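The values are calculated or read from the model by the stated rules, or taken from the named source; none is laboratory data. Computed from a prediction, not measured in an experiment: that's the story for all the values here. Cβ sites come from the backbone with ideal geometry, for glycine too, and all protein chains shown count toward neighbours.
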Amino acid sequence: MSDDGLFQLGMDLAARDAEIDEYGFSEPRSTTQTEENDNTAISALFADDRLDHFIEKKGVKCAGAHLIIDLYDARKLDDLPFIEETLKECVEEAGATLLHIHLHPFQPVGVSGVAVLAESHISVHTWPEAGYAAFDVFMCGDAKPEKCVEVLKRAFVPLRTEVHEILRGEKVAREFA
């Protein structure tokens, strides 16, 4: 991955973004937030003006809902443009904000990839020869990850769908609520 790709993912540890410390050593700057003594960085996660703010779901404060979606006996699992359009439809239906999509075709078949969102991500890995696709849909803020389930069912027409929901970051939400 290029330095620009790493920078976009928040892993900009290349020397080009380095600052010189008091001893003359190069210290890379990171795009990640640091926790401050008064927990203002954590408190900001609860701010309503952020796209990725913490939520309350089923009476539980959490970072967001993570759906594990398994599609069985599904179709079009090797069609890269179709998968990309379906991910875009998921993002739109869920009310999320798309930052970047990267999909990789495998030989002889299969696709793996991710849609990076301001509210988190949607990832996919397919096994067309088995008719199986694994999707992870993790969203926080006002996005509605459950809307992706119907989009995926319409698009890939699976004979069976299994969905498991995990509420992420409950301990952080309890600690700083």
*What's the number of the condition Lys171 fails, among (1) at pLDDT 95 or above; (2) part of a helix (DSSP H, G or I); (3) surrounded by fewer than 18 Cβ atoms within 10 Å (Cβ to Cβ)?*
(1)
*Looking only at segment 98-126, which residues are surrounded by 15 or more Cβ atoms within 10 Å (Cβ to Cβ), among the aliphatic types (A, V, I, L, M) and over 14 Å from the mean Cα position of the chain (by Cα)?*
Val111
_Unique residue being in a helix (DSSP H, G or I) and exposed (fewer than 15 other Cβ atoms within 10 Å of the Cβ) when the list is Glu129, Glu84, Glu93_ = Glu129
*asked:* Please count how many residues of segment 133-145 are in contact with an Asp or Glu (Cβ under 7 Å, 6 or more places away or on another chain), in a strand (DSSP E or B) and either buried (at least 17 other Cβ atoms within 10 Å of the Cβ) or modelled with pLDDT under 95 (or both).
replied: 1
*Would you mind finding the one in Leu152, Leu99 that is in a strand (DSSP E or B) and assigned by TED's automatic domain parsing to the domain that holds His66?*
Leu99
